[in-house]
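Here is the structure we will look at.
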Amino acid sequence: MLVSKLELFHFRMRQNEHKKLLTEHGLKVTHQRLAVLEALMELSNHPTAEMIIGYVKIKYPKIAVATVYNILDILCKDGIVRKIKTDQDFVRYDAEPKSHHHLYCSTCEVIENYYDEELDAILRNYFKHKSIPDWEIKEITLQIAGQYNKC
Ligand SMILES: [Zn+2]
């Protein structure tokens, strides 16, 4: 595969960020973990485990499916990656660290990130004044279901 110098440069930059991320979370840096993070980054639109496995297998054809699932579990447990469920009951993975919501199109199954600091502030404020009994809120993520006009 022919890659340009610029692509290689960006790849190294991302890989360094991923190494840092794993280290910060007290996780050992392995090639396989880096490959899974790379897959999550490259396959935008919240990939399924199958899509991630497909991507990782390009580089590591012999990797066991269970290994990829294991890595995803570890990353989820550590909060580096989040699981999202759709109406179709597929689990999709999300590695975007910045607070965001999701726009979910039930026709084409696209999940797009939706950033809205104003909305975040409203939600935070709302629950500051109206707490839920016996419940400590850690995070609020909205899944805004709908449809693209083109769908
Ligand atoms: Zn997302």
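Using only the Cα atoms of the chain, each taken as one equal point scatterer with no solvent, compute I(q) by the Debye sum, divide by I(0), and report log10 of the ratio at q = 0.09 Å⁻¹. One equal scatterer on each Cα of the chain leads to -0.36. Here the chain carries DSSP beta bridges of which approximately 70% are antiparallel, counting only pairs with both residues inside. The phi-based Karplus calculation (6.51 cos²θ - 1.76 cosθ + 1.60; θ = phi - 60°) puts the 3J(HN,Hα) values of the range 32-47 at 5, 5, 5, 5, 5, 5, 4, 4, 4, 6, 6, 8, 6, 6, 6, x Hz, whole numbers, x for Gly and Pro.
Measuring between alpha carbons in the structure, the pairs from 28/62; 62/98; 28/77; 28/83; 20/59 lying more than 26 angstrom apart are 62/98. Distance between the modelled labels on residue 142 and residue 3, one decimal in nanometres: 3.9 nm (7 Å Cα→Cβ projection). In this structure, the amide hydrogen of residue 91, modeled 1.01 Å from its nitrogen in the peptide plane, lies closer than 5 angstrom to no residue at least 5 positions away or on a different chain.
Computed over Cα pairs, the Kirkwood radius of the range 1-76 leads via Stokes-Einstein (1.002 mPa s, 20 °C) to a diffusion coefficient of 166 µm² per second. Measuring gaps between exposed loop sites in the chain (trypsin sites (Lys or Arg not before Pro); DSSP loop; at most 10 other Cβ atoms within 10 Å), the longest gap, sites not included, is 63-97.
When +1 charges are put on Lys and Arg Cβ atoms and -1 charges on Asp and Glu Cβ atoms, the dipole computed for the chain relative to its Cα centre reaches about 640 debye. Segment residue 105..residue 12, full-extension length gain: 30.1 nm, with 0.36 nm per residue of separation and the alpha-carbon distance subtracted. Report, in deg cm²/dmol and to the nearest 500, the calculated mean residue ellipticity at 222 nm for the chain, where each DSSP H run with n ≥ 4 adds -39500 (n - 2.57) and the sum is divided by the residue count. -14500 deg cm²/dmol, from helical runs alone.
In the chain the longest region clear of GluC sites (Glu not before Pro) that are loop-assigned by DSSP and have at most 10 other C-beta atoms within 10 Å covers 1-135. Given the range 98-151 reduced to its alpha-carbon atoms as identical point scatterers, what log10 I(q)/I(0) does the Debye formula return at q = 0.25 Å⁻¹? Computed log10 I(q)/I(0) values: -0.96.
The angle separating the long axis of helix 65-77 from the principal Cα axis of greatest extent in the chain is about 40 degrees. Relative to the longest principal axis of the Cα atoms of the chain, helix 5-24 runs at roughly 60 degrees. Measuring nothing but how far apart in sequence close Cα pairs (under 8 Å, 6+ apart) lie, relative to its length, the chain scores a relative contact order of 17 percent.
Since every read-out is calculated from the coordinates, none of them should be taken as a lab result. Quick caveat, the model's predicted, so the values are computed rather than measured. Don't worry about glycine lacking a Cβ; one is built from the backbone with ideal geometry, like all the others, and counts go over all protein chains shown.
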